[in-house]
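Worksheet for the structure shown next.
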Amino acid sequence: MATLFFRWLIVGFLIVLTTYVKGQNVLISDSNSPAEPCIMIDPKRPHVLMAATVLNNYYRSSDTGYTWTEHALTSSFGVWGDPVLVVDTAGRFYFSHLSNPPQGHWIDRIVIQRSDDDGANWTDGTFPDTSGKTQHDKQWMAVDRSNNHLYMTWTRFDEYGSNSPSDSSVILFSKSTDLGASWTKPLRINKVAGDCIDDDNTVEGAVPAVGPNGEVYVAWAGPAGLVFDKSLDGGDTWLDDEIAIDPMPGGWNLTIPGLNRSNGLPVTACDVSSGPHRGTIYVNWADQRNGPDDTDIWLSRSVNGGQTWSPPIQVNNSQVKTHQFLTWMAVDQTNGELWFVYYSRESEWDNVTDVVLAHSSDGGNTFEHEVISESSFIPSPGVFFGDYTNIVAHDGIVRPIWSRMDNGRLSVWTDVTPRRTNLSIAQNQSAVPLESIQSYPNPVVDVSYVSFKLRGESVVSLEIFDVLGKSKGKLLNQENLGYGKHIYSLERSAWNMEPGIYFYRLTVNGRSSTRKMIVSER
């Protein structure tokens, strides 16, 4: 109902700021209850992607995410969820996860496995030393691409779930300087410890990021709210005291109707591009400062190495009390643009849920929004839905990843819509005068025709993209067209189009719609 309602707003006479143009969704898998997805792209070979979900599922793509193969990760130390993927400058993928070893105890260590052949084979795994019967959870990793050092931060519990005041949770850091073969002794980096209840006063959400000069940055949530720490020597030493970012009113443990649990834990990223916001540190999270019936997505940034932080900037643009939750953020390091993915509920009934992609090209001053899920879904609290989404972005290739639930069955998805050019939002336009758009034949053999009908005079562009999002050229470039039906021919030979997948994007008065087009052999 919510999706249909907002579509009506767009084609009606009300002004809206959200683009409800459905994306090009790709099903990665609906087997083995895939939740808590992560995704990684190799920047040097952007057609190569890896993804993973709990407990031990991973997926490989060699065509920028259009098709995937499914696999199971194994290790003698056990593979027990919280999958995290990173890749170094030589194309080596690293997969860190929780453990459940036959010789040991549940989540007694964080295991890191490496693949030198894009996931065809993996090492058995290594891990930082974790003596004693402590539990280790919620790890994340980063790669310093200047030297391929690996950095990892996570939460250690004296006893997971304990409510004893003598048990505490802390944030640990370890690094590897030999491609994951060995790890330094874990170093506690937080001063204010948390409890072990796995609730608001537990310290969690440590996601490391690397700065332009090799700085290591990380933020987390806990009893002191949202705090930040940094190292200027590769993680050997850290600040004496955490720097406060935000009190995070209401805490990080969120109640979202229809889910058995949810959180607003932070994501840290740094712009190391050559763009105008190089060096800016960003922290993205969700909280309920506006009440338990109103969850929002937030961003804070620092332009001075984390010494001071901006007041929270609201990422989502919902104008009603509703829930936006499980956010993740990525920086496109080719240009510094910010991309966010999160779940959204514009409906006030039935827990109807959509997936939203948000984008900022000005360092978080303004945001553009797009619902990318091709249909809404309703989760069931009886099925574990996971604790996060994920997203990667490189040179306009943006790949969000999320789980959805249909009739209690989980599946994991991505979106492959080309986004090399910015999403176009016409904030002061009235109804979009576009009645229909189609291409025929599809698949294309020699010649294709793109047809669209306008309901009034409009400024129109029509652009063709290949599978990597690179423009092949424009059929129309800011042309003034009048009322009626317009048809344009596209000759395959003139555009040097080999067989494969392409996209055409029609932009009318600043609003865009992207459609897939398949080119076949004669």
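Overview of values
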| quantity | calculated |
| --- | --- |
| Within-12-Å neighbourhood charge of Leu55 [Cβ basis; K, R +1; D, E -1] | -2 |
| Sorted peptide list for 160-166, 36-42, criterion being average Cβ within 10 angstrom, highest first | 36-42, 160-166 |
| Helix-only mean residue ellipticity at 222 nm for the chain, each DSSP H run of n ≥ 4 adding -39500 (n - 2.57), per residue, nearest 500 | -500 deg cm²/dmol |
| Normalised contact order of the chain, rounded percent, pairs of Cα under 8 Å and 6 or more residues apart | 13 |
| Packing-based ranking, highest mean first, of 93-99, 121-127 given that Cβ atoms within 10 Å are counted | 93-99, 121-127 |
| Degrees, to the nearest 10: 2-11 long Cα axis against longest axis of the chain | 40 |
| Gap separating the Cα centres of the range 103-119 and the range 251-283, nearest whole Å | 25 |
| Rounded accessible area per residue of the range 233-306, 1.4 Å, Å² | 36 |
| Total charge dipole magnitude, the range 211-324, about the Cα centre, Cβ charges on Lys, Arg, Asp, Glu only, Debye to nearest 20 | 420 |
| Listed peptides 234-242, 483-491 by packing density, highest first (mean Cβ within 10 Å) | 234-242, 483-491 |
| Of all accessible heavy-atom area on the chain, the percent that carbon and sulfur account for (1.4 Å) | 50 |
| Those lysines that a straight Cα-Cα span of less than 18 Å connects to Lys485, excepting residues fewer than 8 apart in one chain | Lys453 |
| Surrounding net charge for Ser166, when Lys and Arg each add one and Asp and Glu each subtract one, Cβ distance under 10 Å | -3 |
| Added length on full extension, which subtracts the Cα-Cα distance from 0.36 nm per residue, Asp395 to Arg45 | 124.9 nm |
| Debye, to nearest 20: dipole size of the chain, +1 on Lys, Arg Cβ, -1 on Asp, Glu Cβ | 1500 |
| Probe 1.4 Å, all protein chains present, accessible-area order of Trp402, Trp328, largest first | Trp328, Trp402 |
| Simple Cβ-charge dipole of the range 40-108, Lys/Arg +1 and Asp/Glu -1, about Cα centre, in debye nearest 20 | 180 |
| Linear extension gain, Arg278 paired with Asp406, 0.36 nm per residue minus alpha-carbon span | 42.0 nm |
| Identified option (computed mean projected area of the Cα convex hull in nm²; candidates (i) 36.3; (ii) 23.7; (iii) 28.6) | (ii) |
| Positive-end extreme of charge dipole, the chain - chosen from Pro165, Gly222, Cys38 (charges on Cβ) | Cys38 |
| Cut-off 13 Å between beta-carbons: net charge of the residues surrounding Ala142, Lys and Arg +1, Asp and Glu -1 | 0 |
| For the range 87-189, accessible area per residue (1.4 Å probe, heavy atoms of protein chains only), Å² | 39 |
| The range 283-340, relative contact order in percent, only Cα pairs under 8 angstrom and at least six apart counted | 31 |
| Out-of-range pairs (alpha-carbon distance over 19 Å; input Lys175/Lys230; Lys138/Lys175; Lys133/Lys191; Lys474/Lys516; Lys133/Lys175; Lys44/Lys472) | Lys133/Lys191; Lys133/Lys175; Lys44/Lys472 |
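The values are calculated or read from the model by the stated rules, or taken from the named source; none is laboratory data. Remember, it's a predicted structure, so these values are computed and weren't measured experimentally. Every residue, glycine among them, receives a Cβ derived from its backbone with ideal geometry; neighbour counts consider all protein chains shown. Calculation scope for accessible area: heavy atoms of the full protein, side chains included, ligands and nucleic acids excluded. Shrake-Rupley method; radii C 1.70, N 1.55, O 1.52, S 1.80 Å.
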